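Below you'll find the structure, written out as structure tokens, and then a few comments.
The values are calculated or read from the model by the stated rules, or taken from the named source; none is laboratory data. For clarity, every value in this text was computed on a predicted model and none was experimentally measured. Counting neighbours? That spans all protein chains shown, and the Cβs are built from the backbone with ideal geometry, glycine included. Just so you know, the surface numbers come from the protein's heavy atoms only, side chains and all, with ligands and any DNA or RNA stripped out. Shrake-Rupley method; radii C 1.70, N 1.55, O 1.52, S 1.80 Å.
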Amino acid sequence: PTRVATSAQLDLDISLVIDRSGSMAYASSEVSAYPPNPMHAPAGWEFGDPIPPHARWLDAIAAVQVFISQLESSPQNEKLSLSVYNHQVSTPQPLTHDYSLIVSNLTHISTNFISGGTNIGDGVLEGIGALGDANRRRPWATPVIILLTDGVHNYGTSPKHAANVARDNKVTVFTLTFSDEANQSRMQEVASISGGKHYHAVTAAQLQLAFREIAAQLPSLIIR
């Protein structure tokens, strides 16, 4: 038996869609059940204060920095946007070639880290919207979402519906689950529907490795 696949070197428009729900304030090694506060939070800490040390959110920022360093060494011409979600969604950074703006926006969120639910579906739709920005998107570029969550969808649009919208708009979604509290099967479904791939990480090192592997794979997507 023979199997044939076709790949192509592509310019990419990439939307990072990052979970900023309350559980991201906890370390990857602890259960994110509130109360109590995260184990590394200083005395008197409350949501709305700066993110505690060793939080999953800080691990995510470090992994995004690894991803960006990989993109900077790529021969392709990628643009990045940043969308974030808890029970609400927003796009603090539209598509840009200036990757430092992505890290600046993530760091800014760290200074006032609020709680909230986990609206994965609308996070994906927000990422699709960022990729469709008429003033910033490139018609020839391949649109890709990289979706990170550490939890379970509990608010808003169904992730499966959002994955179908991504597929219909020819957007590939790569999903990453971080911590064993995350719903891996649901994120595997989102990736499968949209033609992407799912990764799972329990530690910060594993999360960085997953982002590095995605960055290495992206420039040569399998297109058939």
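Report the equivalent ellipsoid semi-axes for the range 62-139 in whole Å, largest first, defined as the square roots of five times the eigenvalues of the gyration tensor built from alpha carbon atoms. Don't jump to the answer; show the numbers that get you there.
On the way: eigenvalues 96, 57, 21 Å².
Values for the range 62-139, descending: 22, 17, 10 Å.
Can you give me the P(r) profile for the range 133-179? Cα pairs, bins 10 angstrom wide beginning at 0, each as a whole percent.
All Cα pairs considered, the percentages come to 21, 47, 26, 5.
If the chain between Ser73 and Ile114 were fully stretched, how many nm would it gain, using 0.36 nm times the residue separation less the Cα-Cα distance?
Working: separation 41, 0.36 × 41 = 14.76 nm, distance 3.43 nm.
Between Ser73 and Ile114, full extension yields an extra 11.3 nm.
Can you work out the Karplus-derived ³J(HN,Hα) for every residue in the range 127-132? Use 6.51 cos²θ - 1.76 cosθ + 1.60 with θ = phi - 60°, whole Hz, and x for glycine or proline.
Each residue of the range 127-132 in turn: x, 4, x, 5, 6, x Hz.
Per residue, how many Å² of accessible area does the range 21-142 show with a 1.4 Å probe? Numbers along the way, then the final one.
Working: 5280 Å² over 122 residues.
Using a 1.4 Å probe on heavy atoms only, each residue of the range 21-142 averages 43 Å².
Please work out the ratio of the alpha-carbon Rg of the range 90-196 to 2.2 N^0.38 Å and round it to two decimals. Write out the running numbers ahead of the final one.
Details: Rg = 14.1 Å, N = 107, 2.2 N^0.38 = 13.0 Å.
Dividing the Cα radius of gyration by 2.2 N^0.38 Å gives 1.08.
Helix-derived [θ] at 222 nm for the chain: sum -39500 (n - 2.57) over DSSP H runs of at least 4, divide by residue count, nearest 500? Intermediate values should be presented prior to the final figure.
On the way: 6 runs with 75 residues, N = 224.
Result for the chain: -10500 deg cm²/dmol, rounded to the nearest 500.
For the chain, what is the largest minus smallest coordinate of the Cα atoms on each principal axis, given in angstrom and ordered from greatest to least?
Cα extents, longest axis first: 58, 38, 30 Å.
In whole percent, how big is the carbon plus sulfur part of the accessible area of the chain, probe 1.4 Å, protein atoms only?
Numbers: 5070 of 10000 Å².
Carbon-and-sulfur percentage of accessible area, whole number: 51.
Rounding to the nearest 10 and keeping the result within 0 to 90°, find how far the Cα-based axis of helix 184-194 lies from the longest principal axis of the chain.
30 degrees
Helix 100-110 sits at what angle to the longest principal axis of the chain, using alpha carbons and giving 0 to 90 degrees rounded to 10?
30 degrees
Rounded to the nearest 0.05, what FRET efficiency is calculated for Ser100 and Ala216 with R0 set to 22 Å and r the Cβ-Cβ distance? Don't jump to the answer; show the numbers that get you there.
On the way: r = 22 Å, r/R0 = 0.99.
The pair Ser100/Ala216 has a calculated efficiency of 0.50.
Above 20 angstrom, tally the Cα pairs of the range 141-221 and express them as a % of all pairs, no decimals.
On the way: 955 of 3240 pairs.
Across the range 141-221, Cα pairs with separations above 20 Å total 29 percent.
Pull out the extension gain between Lys160 and Ser90, defined as 0.36 nm times the separation in residues minus the alpha carbon to alpha carbon distance; nm, one decimal. Mind showing how you got there, number by number?
On the way: separation 70, 0.36 × 70 = 25.20 nm, distance 1.99 nm.
Here the answer is 23.2 nm.
Using Cα atoms only, what is the angle between the long axis of helix 56-72 and the major principal axis of the chain, expressed in degrees (0 to 90) to the nearest 10?
Long axis of 56-72 versus the principal axis of the chain: about 30 degrees.
Roughly speaking, what is the stretch gain from Asp133 to Ala43, that is 0.36 nm per residue apart minus the C-alpha to C-alpha distance, in nm to one decimal? Could the numbers behind the result be given before it?
Values: separation 90, 0.36 × 90 = 32.40 nm, distance 4.31 nm.
Gain in length upon complete extension: 28.1 nm.
Kirkwood hydrodynamic radius of the range 11-96 from all distinct Cα pairs, in Å?
On the way: mean 1/r = 0.0689 Å⁻¹.
Averaging 1/r across every pair of different Cα atoms and inverting gives 14.5 Å.
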